[in-house]
Structures are given as structure tokens and as C-alpha cells.
1. Give just the number: which of (1) at pLDDT 95 or above; (2) closer than 26 Å to Ala170 by Cβ; (3) surrounded by 14 or more Cβ atoms within 10 Å (Cβ to Cβ) does Leu80 not satisfy?
2. Report every pair of residues separated by at least 6 positions or lying on different chains whose Cβ atoms are under 9 Å apart, first residue within the stretch 41-60 and on the phi < 0 side of the Ramachandran plot, second surrounded by 19 or more Cβ atoms within 10 Å (Cβ to Cβ) and of a type in the set (Phe, Trp, Tyr).
3. Which residue is farthest from the chain's Cα centre (by Cα), if the candidates are limited to the stretch 118-130 and must be farther than 25 Å from Gly53 by Cα and surrounded by 14 or more Cβ atoms within 10 Å (Cβ to Cβ)?
4. Leu22: surrounded by 14 or more Cβ atoms within 10 Å (Cβ to Cβ), in contact (Cβ under 8 Å) with a residue 12 or more places away in the chain, under 23 Å from Ala193 (Cβ atoms) and aliphatic (A, V, I, L, M), yes or no?
5. Out of the residues in the stretch 54-72 that are at pLDDT 95 or above and surrounded by fewer than 14 Cβ atoms within 10 Å (Cβ to Cβ), state the one that is nearest to Ile118 (Cα to Cα).
6. So, Arg175, is that one assigned to a helix (DSSP H, G or I), among the charged types (D, E, K, R) and surrounded by 17 or more Cβ atoms within 10 Å (Cβ to Cβ) or not?
7. Scanning for something within 17 Å of the chain's Cα centre (by Cα) and of a type in the set (S, T, N, Q), does the stretch 136-155 turn up at least one residue?
8. Restricting to the stretch 178-212, and then to whatever is outside any loop (DSSP other than H, G, I, E, B) and of a type in the set (D, E, K, R), can you tell me which residue is nearest to the chain's Cα centre (by Cα)?
Amino acid sequence: MTQCGCFITIEGLEGAGKSSCLSQIERLLRDRGLDPLLTREPGGTPLGEAVRGLLLAPAHHGMSAEAETLLLFAARAQHLEQVIRPALQAGRPVVCDRFTDATYAYQGGGRQLGEARIAVLEDWVQQGLQPDLTLYLDVPPRLGLERARQRSAPDRFEQERLEFFERARAVYLRRAERFPVRMKVIDASRPLAEVQAEIAAVITRMLDDGLD
């Protein structure tokens, strides 16, 4: 656990259902008398939200993988400095929609940059900070994209080919195997009620183990 508050991240491909589960996690924490801070990546600060706009805009379809990755970590550095670290130091739980696991999956796997350069940036920007718990909502890419395209016009990432998301999913699953204590895989292809029941069990166990 971090020194004061607990740091929870939620990960998943497009259409995994992260938004619904984030709201559920907030309710679970509030029911235990906690005051969680919900945030997202890229985003969470004025600078981060501006970077998010650049990254998601279809007009920037020619952005290089390197530029994309550096923009993500620039936004992350500001997010950590301005939002995440102060909240944790004040004893507030932080719940973040995506974090560095997403960079390994999307840029390392999807863009095929590999792990080494991302790891250098992670060490520099995070200085050892890692989530206490990561919930990875696993969904087959084809199903996730079908869900995502029902809700809105596709952004720059959602316009990628299926193979991009298959590579990203493979990295997520490998990281879950590598970090089994921190990362919990939730089968998000099931009905929402079943997904949320499993999430509730994981969060309750974390709190009962004393991370609150």
C-alpha cells in the first residue's frame, strides 16, 4: 500500500465497461466511510485533458508511436504531481481509469514499441509509485469494439484494426500473470451484475485486509 491512501486503477480495452465499474467502486469505498478521488488517464488535470484531446482526435491519425507515448507520460507526470500524490499523501483513496498498464498494453503491445523504453519512462516519472490494486476488465477485442461503437463515434484508438487490440489484450494478460498480487483479471464479457459482484468481492477483501 502507498504511505497513506490506497491507489486503485481500473484497466480494460474499449467496451470493457470501465465507467460503470468506476461508479460502483466509488460507492463501495464511500460505504466504508472513505472519500475517494476519481480521476482518469490521459487526463485528470487541465494539461492532461488537453493532451487527451490530442491523443483521441482522429485528425491526428499520423501521430508516431513515440510521440504518443511521450505525450502520455508528460500528462502522467503532471497528473502525479498535481492530483494523485497529494491525494494519497492526504489519506484519500485514488481510483484511476487507466494508468501505466495501459501504456504497456496500447503502446508497448498495440503500437509494438516493446517494454524497455516504456519502463525507462515509468521509472523516471513514477519514482517507484505503483497501484495497490489494478482491476483488469478482460473482454475479447471484437466484443469490446462492438460495444464501444454502439455508444459513440470511434475515436483515434477505436479506429485501429482488430489486431491492434489483440496485441494490447495479450500484454494486459501477460502483465496480470507477472503481477498476480496487484492485478486481478475480471471476465467482463459476462453480464454487468456478475462483473460487479466479483469487483465488490475484490474491493471488500482489500478493505478487510486493512488497506483502508
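1. For Leu80, the exception is condition (2).
2. Glu41/Phe99
3. The qualifying residue farthest from the chain's Cα centre (by Cα) is Leu129.
4. Yes.
5. Out of the qualifying residues, it is Glu66.
6. yes
7. The answer is no, given that none of the residues of the stretch 136-155 is within 17 Å of the chain's Cα centre (by Cα) and of a type in the set (S, T, N, Q).
8. Lys184
The values are calculated or read from the model by the stated rules, or taken from the named source; none is laboratory data. All values derive from a computational prediction rather than experimental measurement. All Cβ positions, glycine included, derive from the backbone under ideal geometry; neighbour counts span all protein chains shown.
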